[in-house]
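> Dropping the structure in here first, questions after.
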Amino acid sequence: MAPKNYQLTDSATGKTSDLPVRSGTIGPDVLDVATLYRDHGVFTFDPGFGVTAACESRITYIDGDEGVLLYRGYPVEQLAEKSSFMEVSYLLLHGELPARKDLDIFVSNIRHHTMINETLLRFFNGFHHNAHPMAMVSAVVASMSAFYHDSMDINNPRHREIFAHRIIAKIPTIAAAAHKHSLGQPFVYPRNDLDYCSNLLHMFFAVPCAPYRVDPIYAQALDLLFILHADHEQNASTSTVRLAGSTGANPYAAISAGVSASGGPAHGGANEAVLEMLEEIGTADNIPKYVAMAKDKSSHFRLMGFGHRVYKNFDPRARLIREMCHKVLAKLGRSDNPLFELALRLEEVALKDEYFVARKLYPNVDFYSGIIYSALGIPRSMFTVMFALARTVGWVAHWQEMIADPAMRISRPRQLYSGPKRRDYTDIAGRA
Ligand code: SDX
């Protein structure tokens with residue numbers, strides 16, 4: 001079949017050129033505009049990158065119209081039901097589901113890298129007790145680039161693998177240390193005899209003066225939440241990691257940039273904002289008032305946890321987390337959780353409202369996740385840290401894919417300039 005292309009004609013000059021079309025395995029084709037400036041002297045213009053493919057990737061695919069999410073081709077629903085966060089992490093990093101021995105080696109590598117340098121632990125003492133955990137986590141992750149000089153050649157595949165193991169293993173320890181610092185409690189060291197999520201719960205909730213037993217229901221709930229948050233194509237924080245990494249920056253610094261980007265309420269910070277919104281709404285009879293505010297542009301209020309740049313159908317993760325809410329709350333004997341009931345009612349009202357229907361605004365991954373984190377005893381200030389913790393493996397997978405690509409070059413977008421034309425400096429004496 002003849003290669004497809006689009007013909008572009010400059011209506012002012014009649015100049016025509018062919019822009020090649022490239023196809024992936026699934027999903028929309030892309031129009032290669034690399035020759036546009038050379039042949040026509042113009043840039044493309046797409047603020048927010050709504051229709052811009054910034055890279056080619058083989059990791060995750062989203063069909064926003066159908067509500068489909070695939071990790072290396074596997075539906076997230078199947079992985080949520082049958083896999084584990086460690087196995088999904090291996091899949092995202094290596095591209096294939098592991099054989100038993102490969103998974104055992106991977107899990108052992110992660111389990112034996114969970115401690116952080118003692119001097120890094122002391123960094124937390126520099127933060128005020130009420131520092132937001134996201135600020136602490138992004139700062140301490142960035143500080144990791146001051147260590148490990150022995151294995152930081154980003155062009156060395158083995159060094160890239162060691163980095164991946166270290167950051168995936170240590171991010172829970174850093175998250176838990178931030179939590180303990182906020183509480184004024186002593187840090188709890190990781191244990192090699194616990195699985196990834198049980199270790200996190202132990203570091204979060206154990207105290208030196210009493211034994212702590214991890215509830216397997218809690219660990220299973222976290223494992224599922226981490227699978228659902230592990231990766232999501234070129235979202236804002238992943239794109240941040242790619243852009244920062246494209247300069248050849250230290251990979252810990254690139255991941256730290258991703259942590260920072262994920263904290264915004266329009267992105268990973270929405271899970272914390274949803275709980276604040278639900279508590280502000282308070283009761284179901286206040287829902288109409290808040291839905292009206294969300295429809296009134298002058299209010300600047302948005303229904304947090306609703307809407308998505310790509311999903312114009314139900315976010316499959318939101319559906320799975322809503323189902324998990326029912327199960328976890330029932331197992332914990334809290335089926336009558338008022339915030340969950342309010343969230344269900346808010347979803348029901350919004351999805352019948354023409355404003356939301358017309359704009360295809362559905363609950364996203366952040367709408368229900370905070371309710372489960374709350375039920376597990378995780379404080380609201382830590383919700384976005386949980387998002388970043390789970391997404392770390394996705395950030396690493398995309399960083400590795402980019403660095404290993406021989407065609408990789410520094411990311412440097414252009415602009416449409418609308419500032420002042422050239423003008424000469426005037427002395428202050430001559431200014432009005
Ligand atoms: C995540 O990209 C990813 O993949 C992200 C993520 C991941 O896993 O990495 O999925 C995680 O970040 C999920 C999104 C979490 N954020 C929120 O829940 C915050 C609330 N939602 C939004 O602010 C908004 O929906 C975004 C940021 C998620 C998407 O914004 P877009 O794509 O830029 O959409 P938009 O702002 O252009 O909105 C389109 C219309 C506008 O109305 P009109 O101008 O057409 O009249 O929909 C309206 C918006 O005002 N709108 C909302 C709304 N979201 C969009 N109105 C009320 N409440 C909302 N939540």
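> Return the residue satisfying two criteria in turn: it lies in region 146-185 and is without any contact (Cβ under 8 Å) to a residue 60 or more places away in the chain, crowded, with 22+ Cβ neighbours inside 10 Å and in contact with a helix residue (DSSP H, G or I) (Cβ under 6 Å, 6 or more places away or on another chain), and of such residues it is nearest to VAL396 (Cα to Cα).
ILE174
> Here is a list of conditions, (1) part of a loop (DSSP other than H, G, I, E, B); (2) in contact with a helix residue (DSSP H, G or I) (Cβ under 9 Å, 6 or more places away or on another chain), and GLY14 meets all of them except one; can you say which number that is?
(2)
> Inspect all residues belonging to region 167-188 and state whether any of them is within 24 Å of the chain's Cα centre (by Cα) and of a type in the set (Lys, Arg).
Scanning region 167-188 turns up at least one residue that is within 24 Å of the chain's Cα centre (by Cα) and of a type in the set (Lys, Arg).
> For region 269-318, enumerate the residues that are of a type outside the set (A, V, I, L, M), closer than 13 Å to TYR362 by Cα and in contact (Cβ under 8 Å) with a residue 40 or more places away in the chain.
Of everything in region 269-318, those that are of a type outside the set (A, V, I, L, M), closer than 13 Å to TYR362 by Cα and in contact (Cβ under 8 Å) with a residue 40 or more places away in the chain turn out to be GLY305, PHE306, GLY307, HIS308, ARG309, TYR311, LYS312, ASN313, PHE314, ASP315, PRO316, ARG317.
> Looking only at region 219-231, count every residue that is open to solvent by 10 Å² or more (accessible area, probe 1.4 Å) and either within 8 Å of the ligand (Cβ to nearest atom) or among the charged types (D, E, K, R) (or both) and tell me the total.
Adding up the residues that qualify gives 1.
> Residues in region 367-393 that are open to solvent by less than 10 Å² (accessible area, probe 1.4 Å), within 20 Å of MET324 (Cα to Cα) and not aliphatic (A, V, I, L, M): how many?
Total satisfying the criteria: 9.
> Next up: Going by what's in this entry, would MET293 be described as open to solvent by 50 Å² or more (accessible area, probe 1.4 Å), within 30 Å of ASP353 (Cα to Cα) and at pLDDT 95 or above?
Criteria met by MET293.
> Still on this structure, please answer the following. Being away from the ligand (no atom under 14 Å from the Cβ) and of a type in the set (Ser, Thr, Tyr) narrows it down to one residue among TYR290, TYR252; which is it?
After ruling out the rest, the residue left standing is TYR252.
For every residue, the table says whether it meets (1) modelled with pLDDT of 95 or more; (2) over 10 Å from the mean Cα position of the chain (by Cα).
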{"residue": "VAL214", "(1), (2)": "yes, yes"}
{"residue": "PHE226", "(1), (2)": "yes, yes"}
{"residue": "SER237", "(1), (2)": "yes, no"}
{"residue": "SER246", "(1), (2)": "yes, yes"}
{"residue": "VAL259", "(1), (2)": "yes, no"}
{"residue": "SER262", "(1), (2)": "yes, no"}
{"residue": "ALA266", "(1), (2)": "no, yes"}
{"residue": "ILE287", "(1), (2)": "yes, yes"}
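> If ALA358 passes every condition in (1) open to solvent by 50 Å² or more (accessible area, probe 1.4 Å); (2) of a type in the set (A, V, I, L, M, F, W, C); (3) within 28 Å of ALA164 (Cα to Cα) but one, which one does it miss?
Answer for ALA358: the failing condition is (3).
> Please verify whether TYR311 is under 19 Å from the mean Cα position of the chain (by Cα), within 15 Å of the ligand (Cβ to nearest atom) and not in a helix (DSSP H, G or I), treating the condition exactly as stated.
Against the criterion (under 19 Å from the mean Cα position of the chain (by Cα), within 15 Å of the ligand (Cβ to nearest atom) and not in a helix (DSSP H, G or I)), TYR311 qualifies.
> Open to solvent by 80 Å² or more (accessible area, probe 1.4 Å), at pLDDT 95 or above and in contact with a Leu (Cβ under 8 Å, 6 or more places away or on another chain): is that true of PHE49 in this structure?
It is false that PHE49 is open to solvent by 80 Å² or more (accessible area, probe 1.4 Å), at pLDDT 95 or above and in contact with a Leu (Cβ under 8 Å, 6 or more places away or on another chain).
> When you go through ALA266, ALA244 one by one, which is the residue that is closer than 24 Å to ARG412 by Cα, part of a loop (DSSP other than H, G, I, E, B) and free of Cβ contacts under 8 Å to residues at least 60 places away in the same chain?
ALA266
Residue-by-condition table, conditions (1) within 22 Å of PRO190 (Cβ to Cβ); (2) modelled with pLDDT of 95 or more:
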{"residue": "LEU97", "(1), (2)": "no, yes"}
{"residue": "ASP102", "(1), (2)": "no, yes"}
{"residue": "SER108", "(1), (2)": "yes, yes"}
{"residue": "ILE116", "(1), (2)": "yes, yes"}
{"residue": "LEU121", "(1), (2)": "yes, no"}
{"residue": "ASN130", "(1), (2)": "no, no"}
{"residue": "VAL140", "(1), (2)": "yes, yes"}
{"residue": "TYR148", "(1), (2)": "yes, no"}
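> Filter region 266-283 down to the residues that are within 10 Å of the ligand (Cβ to nearest atom) and under 23 Å from VAL393 (Cβ atoms), then identify the one that is surrounded by the fewest Cβ atoms within 10 Å (Cβ to Cβ).
ALA266
> For region 314-343, how many residues meet the condition of being assigned to a loop (DSSP other than H, G, I, E, B) and within 16 Å of the ligand (Cβ to nearest atom)?
2
> Condition test on THR25, is it without any contact (Cβ under 8 Å) to a residue 40 or more places away in the chain, exposed (fewer than 13 other Cβ atoms within 10 Å of the Cβ), of a type in the set (Val, Ile, Thr) and under 28 Å from PHE314 (Cβ atoms)?
Criteria met by THR25.
> Collect the residues in region 346-387 that are hydroxyl-bearing (Ser, Thr, Tyr) and either within 12 Å of the ligand (Cβ to nearest atom) or touching a Pro at 6+ places or on another chain (Cβ under 9 Å) (or both), keeping them in residue-number order.
TYR355, TYR362, TYR368, SER369, TYR373, SER381, THR384
The values are calculated or read from the model by the stated rules, or taken from the named source; none is laboratory data. No experiment lies behind these values; they were computed from the predicted model shown. Counting neighbours? That spans all protein chains shown, and the Cβs are built from the backbone with ideal geometry, glycine included. Just so you know, the surface numbers come from the protein's heavy atoms only, side chains and all, with ligands and any DNA or RNA stripped out. Shrake-Rupley method; radii C 1.70, N 1.55, O 1.52, S 1.80 Å.
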